[in-house]
1. Look at Asp271 and say whether it is open to solvent by 20 Å² or more (accessible area, probe 1.4 Å), over 15 Å from Ala171 (Cβ atoms) and either of a type in the set (Asp, Glu) or assigned to a loop (DSSP other than H, G, I, E, B) (or both).
2. Can Asp235 be described as open to solvent by 20 Å² or more (accessible area, probe 1.4 Å), more than 21 Å from Ala198 (Cβ to Cβ) and not in a loop (DSSP other than H, G, I, E, B)?
3. Looking at the structure I just gave you, is Asn250 of a type in the set (S, T, N, Q), within 11 Å of ligand 1 (Cβ to nearest atom) and over 26 Å from Val269 (Cβ atoms)?
4. Give me the pairs, please: first residue somewhere in the range 170-185 and near ligand 4 (Cβ under 10 Å from one of its atoms), second residue anywhere and open to solvent by 70 Å² or more (accessible area, probe 1.4 Å), beta-carbon distance under 6 Å, and either six or more positions apart or on two chains.
5. Any residue at all in the range 77-90 that is modelled with pLDDT under 95 and in a helix (DSSP H, G or I)?
6. For Ile142, are the conditions met, namely being buried (at least 16 other Cβ atoms within 10 Å of the Cβ) and within 16 Å of ligand 3 (Cβ to nearest atom)?
7. All but one of (1) out of contact with any Phe, Trp or Tyr (no Cβ under 6 Å at 6 or more places or on another chain); (2) within 18 Å of Val296 (Cα to Cα); (3) in contact (Cβ under 8 Å) with a residue 60 or more places away in the chain; (4) within 15 Å of ligand 3 (Cβ to nearest atom) hold for Ala234; which doesn't?
8. Residues to consider are Leu20, Leu52, Leu40; find the one that is surrounded by 23 or more Cβ atoms within 10 Å (Cβ to Cβ), in a helix (DSSP H, G or I) and either on the phi < 0 side of the Ramachandran plot or under 22 Å from the mean Cα position of the chain (by Cα) (or both).
Amino acid sequence: MSTDFTVLVVDDEKHNRQLLTELLQHECRLVLAKNGEQALARASEQQPDLILLDVVMPDMSGHAVIRQLKEDDGTRDIPVIFITALDSFDDQETGLELGAVDYIAKPFHPPIVRARVRNHLRLVEQRRLLEQLAMLDNLTGIPNRRRFVETLAQEWRRCLRHALPLSLIVADIDHFKRINDTYGHAQGDDALRSVAQALKWAVHRPGDFVCRYGGEEFVLLLPGVDADGAFAFADCVRQHIATMPLQTANGKPLQLTLSLGGASHVPTVPDVSDALFLAADRALYDAKHAGRNRVVW
Ligand code: GH3
Ligand code: MG
Ligand code: MG
Ligand code: MG
């Protein structure tokens, strides 16, 4: 089991915290809390992958802790295992109904605790992998639209905090239907993969982002870059794609072009990132109507 997992152990008794630490220290990174208040603070700061939660604690019960964890967007999805001396069927039922993924009775048998923790961490690992896959476009391997929506909201907030400009570019392949019609759909797919790789190569600064938004349309995000910088960047991309030779099955090299629409804002209010996308999309429309293979801002 890899140690890049973090497990939060919450127990008011030092002896229990020590026992669990000895038991799990080679499985994961451990964070300890001795009461409910500490548990909530550490869960939100450290974003552990799993929480082992005592029920009977003096200030705040484990049940109160899990209720608060489930109310908060930032901690809702962290799996919780109760470890408790309250082991009646009713107690177990209550714990599971509050959203715990498992229930371990005290006094616990150490190898069973370790095995259950391992099992739950394995589930966490599988879930992470699925989440990553769900954010990738399966034709090109670059991030997909779902990832874009998340990233745009994130970058908008970050640029708002630091008073930075955020630039967004929508790029659409020109007359792509003709490429499919002339060379076939498989060749069209290859062209999409090549364009995706070229765009990925172009956005190499940390924080820059590119995704396949859908069909033959890509979106690029450049945080911290103003309209002038982003326009120049978009035009470089346009020139690069227009001169990039693409191999085809019949040996005739294929050339394609992009139309790009861009928009830049310095965010001043939260949650209007949609307007940035719409402005860039409108600019793309103008680029198409002005004759394609060009950048419009
Ligand atoms: P425009 O310059 O106005 O953008 O013309 P266009 O032909 O690129 O645009 P249009 O929207 O008419 O056609 C887009 C084409 O992209 C049609 C569709 O079959 C093709 N396409 C969308 N997704 C895929 C894909 O995953 N693989 C392939 N090969 N083609 C795709
Ligand atoms: Mg206790
Ligand atoms: Mg097109
Ligand atoms: Mg299109």
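1. Numbers: open to solvent by 20 Å² or more (accessible area, probe 1.4 Å): yes; over 15 Å from Ala171 (Cβ atoms): yes; either of a type in the set (Asp, Glu) or assigned to a loop (DSSP other than H, G, I, E, B) (or both): yes.
In short, yes.
2. Details: open to solvent by 20 Å² or more (accessible area, probe 1.4 Å): yes; more than 21 Å from Ala198 (Cβ to Cβ): no; not in a loop (DSSP other than H, G, I, E, B): yes.
So Asp235 does not fit the description; no.
3. Spelling it out, it is not the case that Asn250 is of a type in the set (S, T, N, Q), within 11 Å of ligand 1 (Cβ to nearest atom) and over 26 Å from Val269 (Cβ atoms).
4. Asp174/Arg292
5. yes
6. Spelling it out, it is not the case that Ile142 is buried (at least 16 other Cβ atoms within 10 Å of the Cβ) and within 16 Å of ligand 3 (Cβ to nearest atom).
7. The failed condition is (4).
8. Working: Leu52 fails: in a helix (DSSP H, G or I); Leu40 fails: surrounded by 23 or more Cβ atoms within 10 Å (Cβ to Cβ).
Exactly one of Leu20, Leu52, Leu40 is surrounded by 23 or more Cβ atoms within 10 Å (Cβ to Cβ), in a helix (DSSP H, G or I) and either on the phi < 0 side of the Ramachandran plot or under 22 Å from the mean Cα position of the chain (by Cα) (or both), namely Leu20.
The values are calculated or read from the model by the stated rules, or taken from the named source; none is laboratory data. Keep in mind that what you see is a predicted model, and the values were worked out from it rather than measured. Cβ sites come from the backbone with ideal geometry, for glycine too, and all protein chains shown count toward neighbours. All accessible areas refer to the heavy atoms of the entire protein, side chains included, with ligands and DNA or RNA removed. Shrake-Rupley method; radii C 1.70, N 1.55, O 1.52, S 1.80 Å.
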